Amino acid sequence: MVCDRNCGLITGAVIGAVLAVLGGILIPVGDMLIEKKVKKEVVLEEGTIAFKNWVETGTEVYRQFWIFDVQNPEEVAVNSSKIKVKQRGPYTYRVRYLAKKNIVQDPKTHTVSFLQPKGAIFEPSLSVGTENDTFTVLNLAVAAAPHLYPSAFIQLILNVFIKRSKSSMFQKRTLKELLWGYTDPFLNLIPYSTPTTVGMFYPHHNTSDGVYKVFSGKNDASKVAIIDSYKGKKSFYAVFGAEVNLKGIPVYRFILPSMTFASPLQNPENRCFCTEKIISKNCTLYGVLDISKCKEGKPVYISLPHFLHASPEIAKTIEGLNPNQEEHSTYLDVEPITGFTLRFAQRLQINLLVKPARIIEALKNLKQNYIVPVLWLNETGTISDEKAEMFRKQVTEKINLLGLVEMILLSVGVVMFIAFMISYCTCRSKKVN
């Protein structure tokens, strides 16, 4: 009878030990099997689920615009006063709905290059107005003239056409004109061949963006679809910010660090964005990047919206700005198992540098340099409810279920082993006594 009891206790302890060991083994083995399956499907190559959804994304991507409407144009042009702006928006377009093209795989570097066809469909229900809403904004052609043509003789000639066209430092334009292009009256008078259409994103329709080069994830699933380069140049990088929950899916939030727009003294990688010494105060100002080299010499500067994280001196000539970390920062929400970006918000402000120009009458009264904000944008996309549910069922819930089974086996096994061993030892102690 005692033997049967002892044998039963020992058997129970053995079963518990086996369950604990099985639970312990299942953790690395199960994780390895899931990782293998995930790595196979997330790679950007023909035949995978990821490639099919990447070529032509089913997720709706929107680009929202906020325009800085200038409230005191005459006061600025005559007295060189601070520019008072009022933000108006959002005006929303659906973008990135066309399939990628010219896709080329590079098995040596594990990258994929492609072009992204451009397109923009206005979404009235997600906008505060129409494409015909009018704004007072900087005159793009007049502001750029002294930068593109520094010669005093050429500026004398340009000034004739600027006056004849009745152009000034500021102008009234509709949203559609400002974004996608309009025939500039000043440029239209110039007798020799020169582009006459001006717009913040002109040309856009029927063109393509790129070349982009992204990682395929073949050798590292965590890097899948991350941009390696854009037009042959290295891309910005993001750093880990926090863990968040997106529609029941745990994701890692990566944010654009303030060092992205730091001065070359703070971030040497930005030295190529400092092309002059006066405006940048010998490359010590931070918060804006000069991209004029990428814009054929046009004085275009990019920054975070409302000059977030910028030197106070940058915005001292502008009134009406209100930088906010939550509203104006860029982030990516990445699912850590697959490396998929399930939500993103890319926020950027486009500014133009305006300098006093003694010969050009529209700018001759200026007594200081201005970095003028024209607009800021938020390009955003979020996994749909339908796809989030599918993702949870195919990935998240299976991982959670496997983890639950692993912990149950491990916990029950350990408890059984300890309980039966205690009972066995107690019985042995009583028998000895």
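The values are calculated or read from the model by the stated rules, or taken from the named source; none is laboratory data. Bear in mind that the values here come from a model prediction, so they are computed numbers and not experimental data. No Cβ is skipped: glycine too gets one built from the backbone with ideal geometry, and neighbour counts run over all protein chains shown. Just the protein is used for accessible areas: all its heavy atoms, side chains included, with ligands, DNA and RNA removed. Shrake-Rupley method; radii C 1.70, N 1.55, O 1.52, S 1.80 Å.
Tally up the carbon and sulfur contribution to the accessible surface of the range 88-137 as a whole percent, 1.4 Å probe, everything protein left in place.
Exposed carbon and sulfur together represent 53 percent of the surface.
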First measure r as the distance between the Cβ atoms of L148 and R94, then evaluate 1/(1 + (r/R0)^6) with R0 = 30 Å and state the FRET efficiency to the nearest 0.05. 0.35
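Take the Cβ-Cβ distance between T134 and H204 as r, set R0 to 25 Å, and report the resulting FRET efficiency rounded to the nearest 0.05.
Efficiency, from the Cβ-Cβ distance: 0.80.
Count neighbours as other Cβ atoms within 10 Å of each site's Cβ, and list the trypsin sites (Lys or Arg not before Pro) in the range 43-143 that are DSSP loop with at most 13 such neighbours.
Passing both the DSSP loop test and the Cβ count: K108.
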Can you tell me the accessible area per residue over the range 80-176, all protein chains present, probe 1.4 angstrom, in square angstrom? 49
With a sphere of radius 12 Å drawn around the Cβ of L352, what net charge do the other residues whose Cβ falls strictly inside it have (Lys, Arg +1; Asp, Glu -1)? +2
Return, ordered by residue number, the residues of the range 56-98 whose backbone nitrogen is under 20 Å from a label point located 7 Å along Cα→Cβ of I121. 56-65, 91-98
Once fully extended, how much extra length lies between N79 and K316, figured as 0.36 nm per residue of separation less the alpha-carbon to alpha-carbon distance? 83.7 nm
How about the range 60-131: which chymotrypsin sites (Phe, Trp or Tyr not before Pro) there are in a DSSP loop, with at most 15 other Cβ atoms within 10 Å of their Cβ? Y97
So if R0 is 60 Å, what FRET efficiency would E243 and K172 give, r being the distance between their Cβ atoms, rounded to the nearest 0.05? 0.80
Could you pull out the trypsin sites (Lys or Arg not before Pro) across the range 129-174 that fall in loop regions by DSSP (anything but H, G, I, E, B) with no more than 12 other Cβ atoms inside 10 Å? K166
